[in-house]
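For reference, the structure discussed in these notes is given below.
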Amino acid sequence: MYCGDQPCVPYGFIGNPPTKVAVESLGEVRERFLRFFERHGHTRIKRYPVVARWRDDVYLVGASIYDFQPWVTSGAVPPPANPLAISQPSIRLTDVDKVGRSGRHLTGFEMMAHHAFNYPDKFIYWIDETTEYAYEFFTKELGIPPHEITFKESMWEGGGNAGECFEVLVRGLEVATLVFMHYEVKDGKYVELPLKIVDTGYGLERIYWLLKGTPTIYDAVFGPFLAKAREKTGVPEPPKDVMGKASIYFGQMDPEVIALEKAYDLIAEKIGVDPKWFRDVVRPQEALYVLADHSRTVSWMIADGVIPSNSGAGYLARLLIRRTLRNMAIAGIDVPLVELFDMHLKELRADYPEVWDARSLILELVELEEKKYREVLKSAPSAVKKAVEEARRRGKPSLDADDLVALYDSAGLPPEIVAEAAKSLGVEVKVPDDFYSRLAARHVKREKQPERALVEMAKVIDLPRTRELFYEDPYMRSFKAKVLRVLDGRYVVLDQTAFYPEGGGQPADVGVLKYAGGEAKVVDVQRVGHVIVHVVEGQPPPEGAEVVGEVDWERRYGLMKMHTGTHVLIQSIRRVLGPHIWQAGAQKDIPSSRIDVTHYKLPTPEEVAEIERLANGVVQADLPVYAKVMPRNEAEAKYGFILYQGGVVPAREIRVVQIGPDESPYDVQACGGTHLRRTGEIGLIKIQKVERIADGVVRFIFTTGMHALAYVQELERQAAEAAAIAGGSRESLVESVKKLAQRAEEAEKRAKRYAELYAAALAESLKGEPAGRYKLAVVELDDEELAKRLAQTATSRDKDLILVVVGGGRVSIYTGGVDVAPIVKALREVGFRGGGSKTFAQGQYRGDVETLKEAIKKALT
RNA sequence: CGGCCGGUAGUCUAGCGGAAGGAUGCCCGCUUGGCGUGCGGGUGAUCCCGGGUUCAAAUCCCGGCCGGUCCA
């Protein structure tokens, strides 16, 4: 079968590009592509961030179509333009192990694309035009001879959708995929969709590589950076033919790439060079390639708001940084990563100016991550030593695969590092080829529990949309409404309501529903599809009844202060700590609320104070707060993705909450919550606590309004109480506490000194009676500390002494060397319950002292 | 969100059911012309918190807090 791709066909363009058209840079190819499609009626769209904040199913954008999922692809929202062309930076970590090795894999790439969205009433174009565009672009724009281009038909499936597709290949390299998405996959069957989408993807880097014909894609894309990095690290330029051939063969043995050592030998053999020489040449090259690829991807991520972390999207950034460091370490490259990043950022400046803007943040975070990783690696020798000893205890000569997996999983130590540390302990460790699949087996996927709906959607599907009075007037505290349906005697649906349903981090309102003949407490309110369901306690109103709803206003007004306060606070945090601050979660509550933000260190008390000052300045300025509903595309175009602080907003129209006047707004966010009219109503914003909840995420716990006052009053009360206890005034609280602590310390020291003196005196006056060839002394003392001291002095002075301390129903036996075991045995017979070992025993004894003495004497004779 | 590992003097670390040990740091002597060094002495720990099991818990069990790490 002819497939035209790796591994069937070796690349035919290396050292021999298929065109005479000369391109100078990656940017030129991008520009040619976008201009070409602009000439053919497409609108150019600005790239989206690589962090998919508008989605809750993925962290990163992996293809241009991600930009339009799910709202556009489901038909809910119109595309920003139609047809459109874009070059979308995308990140895929699925092939991360092959990067630097296969010669063609990248974690970050630009997917150039043209998309057409065909609606039943508006047809743009379909298969014929799409293939023609592709053909013309490659032949006319890039000058590739027609016979060099292969279109391979196939079926594409992904994300619940499917459709036919063409893979476009040139000399063994897949340069584009043209997908015609028009099925939904339902229960394994294809269901025709009303919306038919042309989804194309042209690999910018691959096309550039093809045109350049360099040994690897990295040489083409990162050429200038690699040259400088070689100079800096002292890694020499590799022999051209070796790298070219190596990447061809590596490309062909993709599936086995993990079994690296074997792959090296095989390829060296194929090329006809010495395996050891080959390894020494290739390893540092691979490290540089990984560095080049990963540093660009990480820079994109950080510039778009990712902070390296131990969880979430941040972990992916950390993973790439650590992989880079590990590869450099293995290749023996010892240059600070920051310097190499900085070098690369200078090269990236022209193509990605927004990444350049984040330069200082990127460098700071990379430096921090490098430091943290060094700490991890520093733990290697002792962790490995411990593991080796543990293995030996269980009779194993060395570490096995399970031990290596455990070390990686719990301590973050990669097997190569472990092997190296073990070697210096004189232990040979073999790294198994299937290491990474063993690791994967340890992380068996858990099933995601689908959220249980309050009421089945089917039971309310026929009802009209509930009118949302809380949006029309957030200050409405009571309203009249008609009962449309009552389910299970406790779920009430009204035609309209002022009760806010839980959402956007704001909890549901509570209150009462009053009706002729009774009233019911509203304890929870939830959205179910397009209606709002009130969960009631007590006798629910009958269907069809007129009710008066009364919202618990004190609580709700408090929540509104919290919610508007949240917006003021997050913007203030951003202004103080920097533009990398994004909301990572929030919960409004009474009496305290919290916001989690992306930040890489705990803010200092000064920064917190500055944030409070700024936020309360906004409160005092009494700025107006507006909520307006706007089409999604318009809002995104006007404000950018900073809108999505609170997470996914699942609608075609989004509600935008703006604080401050139009000409100079303080903050703008997409938000579905209830807000105040003016910031002055917040009264006071007080941060109560900041804590690090994960690497890269800081939690602010704060309060507003009267709750803030109550908090401050409580602090004041505590200070007054503490001052009273410390015996000073509130003004001198710190001084009196200091004195108190000092006095306590002195008192402890004195007590200890006296205890020593007392123990010495006791030891002096101990009267031992003979017991066999030993001496026995019994002391009544109900202080274990003192007893220990006494025993220490007495038994070290007289090795034949057996000291028995009786007190509080307990008996302790101390000896200066005499084995305590026979004594314990004898004592058990007279009611002693306890035990010990060597020179000490302890236990419970309730009998009289004479019996005890006799028993011990008897045991010793 | 979750799995795994860990939390013992200021710092690092041993002990993993029976009287909390070492290294480093700090203080005081001696050594030296002085610094380093060396030697001797001293100082420093609610064994993360709470509950349980036990005659006895740093140690075993449960819960929490904090840190590390891996995976989504």
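Residues that are in contact with a helix residue (DSSP H, G or I) (Cβ under 9 Å, 6 or more places away or on another chain), outside any helix (DSSP H, G or I), open to solvent by 80 Å² or more (accessible area, probe 1.4 Å) and not assigned by TED's automatic domain parsing to the domain that holds residue A:620 are absent from region A:747-766. Residue A:835 falls short of the stated requirement of being within 16 Å of RNA strand B (Cβ to nearest atom), in a loop (DSSP other than H, G, I, E, B), surrounded by fewer than 18 Cβ atoms within 10 Å (Cβ to Cβ) and not β-branched (Val, Ile, Thr). Figure legend. Inter-residue proximity from region A:756-779: first residues more than 14 Å from residue A:805 (Cβ to Cβ), second residues in a helix (DSSP H, G or I) and at pLDDT 85 or above, beta-carbon distance below 6 Å, spacing 6+ or different chains. Indicated pairs: A:771/A:857.
Scanning region A:294-307 for residues that are open to solvent by 20 Å² or more (accessible area, probe 1.4 Å) and either within 16 Å of RNA strand B (Cβ to nearest atom) or under 27 Å from residue A:421 (Cα atoms) (or both) yields a count of 0. Of everything in region A:781-807 that is loosely packed, with under 15 Cβ neighbours inside 10 Å and over 60 Å from the mean Cα position of the chain (by Cα), the residue that is nearest to residue A:844 (Cα to Cα) is A:799. Of all residue pairs spaced 6 or more apart or on separate chains, those with beta-carbon atoms under 7 Å, a first member in region A:600-615 that is in contact (Cβ under 8 Å) with a residue 24 or more places away in the chain and a second member that is open to solvent by 60 Å² or more (accessible area, probe 1.4 Å) and in a helix (DSSP H, G or I) are A:614/A:575. The numbered conditions (1) closer than 30 Å to residue A:350 by Cβ; (2) out of contact with any Phe, Trp or Tyr (no Cβ under 8 Å at 6 or more places or on another chain) are all true for residue A:311 except (1). Contact map, region A:530-559: residues that are over 24 Å from residue A:506 (Cβ atoms) paired with residues that are among the basic types (Lys, Arg), Cβ distance under 8 Å, separation 6+ or inter-chain. Pairs shown: A:538/A:521; A:540/A:490; A:543/A:485; A:544/A:482; A:545/A:482; A:546/A:480; A:546/A:482. Considering only residues that are more than 13 Å from residue A:811 (Cα to Cα) and within 16 Å of RNA strand B (Cβ to nearest atom), which ones fall in region A:838-861? Across region A:838-861, the qualifying residues are A:838, A:839. Can you name the residue in region A:468-509 that is over 19 Å from residue A:675 (Cβ atoms), modelled with pLDDT under 95 and in a loop (DSSP other than H, G, I, E, B) and, of all such residues, is least open to solvent (accessible area, probe 1.4 Å)? Only one residue tops the list, namely A:489.
Checked against the criterion of being without any contact (Cβ under 8 Å) to a residue 60 or more places away in the chain, assigned to a helix (DSSP H, G or I) and assigned by TED's automatic domain parsing to the domain that holds residue A:582, the candidates A:708, A:719, A:724 yield just one match: A:708.
If you go through region A:343-363 and keep only what is within 25 Å of the chain's Cα centre (by Cα) and without any contact (Cβ under 8 Å) to a residue 24 or more places away in the chain, you end up with A:356, A:359, A:360.
Filtered by the rule that a residue be open to solvent by 10 Å² or more (accessible area, probe 1.4 Å) and within 30 Å of the chain's Cα centre (by Cα), region A:33-53 gives A:45, A:46, A:47, A:48, A:49, A:51, A:53.
Restricting the search to strands (runs of 3 or more DSSP E) fully inside region A:592-680 and requiring at least 2 residues that are of a type in the set (Val, Ile, Thr) gives A:593-598, A:625-631, A:653-659. Just one of (1) closer than 30 Å to residue A:313 by Cα; (2) in the same structural domain as residue A:645 (by TED's automatic domain parsing) fails for residue A:503. It is (2).
May I ask you to verify whether residue A:584 is more than 21 Å from residue A:678 (Cβ to Cβ) and assigned to a strand (DSSP E or B)? So residue A:584 fits the description; yes.
When each of A:574, A:594 is tested for being within 16 Å of RNA strand B (Cβ to nearest atom) and either surrounded by fewer than 20 Cβ atoms within 10 Å (Cβ to Cβ) or within 22 Å of the chain's Cα centre (by Cα) (or both), the lone residue that passes is A:594.
Of all the numbered requirements in (1) more than 14 Å from residue A:497 (Cα to Cα); (2) at pLDDT 70 or above; (3) part of a loop (DSSP other than H, G, I, E, B), residue A:455 misses one, and that requirement is (2). Checking each residue in region A:378-389 for being open to solvent by 80 Å² or more (accessible area, probe 1.4 Å) and either within 11 Å of residue A:417 (Cα to Cα) or more than 7 Å from RNA strand B (Cβ to nearest atom) (or both) picks out A:378, A:385, A:389.
Taking first residues from region A:308-322 that are more than 7 Å from RNA strand B (Cβ to nearest atom) and partners that are open to solvent by 50 Å² or more (accessible area, probe 1.4 Å), the Cβ contacts under 8 Å between residues at least 6 apart in sequence or on separate chains come to A:308/A:315; A:308/A:368; A:309/A:315; A:313/A:59; A:316/A:59. Within region A:378-418, the residues that satisfy the criterion of being of a type in the set (A, V, I, L, M) and touching a residue at least 40 places away in the same chain (Cβ under 8 Å) are A:380, A:384, A:417. The listed residues are A:805, A:824, A:818, A:811, and the only one of them that is touching a strand residue (DSSP E or B) at 6+ places or on another chain (Cβ under 7 Å), within 11 Å of RNA strand B (Cβ to nearest atom) and in a loop (DSSP other than H, G, I, E, B) turns out to be A:818. Apart from one condition, residue A:330 fits all of (1) surrounded by fewer than 17 Cβ atoms within 10 Å (Cβ to Cβ); (2) among the β-branched types (Val, Ile, Thr); (3) modelled with pLDDT of 90 or more; the exception is (3). Screening region A:360-377 for residues that are surrounded by 18 or more Cβ atoms within 10 Å (Cβ to Cβ) and among the β-branched types (Val, Ile, Thr) and picking the one that is farthest from RNA strand B (Cβ to nearest atom) gives A:362. For the residues A:656, A:737, the requirement of being under 28 Å from residue A:559 (Cα atoms) and either open to solvent by 50 Å² or more (accessible area, probe 1.4 Å) or without any contact (Cβ under 8 Å) to a residue 60 or more places away in the chain (or both) singles out A:656.
The values are calculated or read from the model by the stated rules, or taken from the named source; none is laboratory data. Since we're looking at a predicted model, the values are computed, not measured. Backbone-built Cβ (ideal geometry, glycine too); neighbour counts: all protein chains shown. In case anyone asks, the SASA skips ligands and DNA or RNA and just uses the protein heavy atoms, side chains included. Shrake-Rupley method; radii C 1.70, N 1.55, O 1.52, S 1.80 Å.
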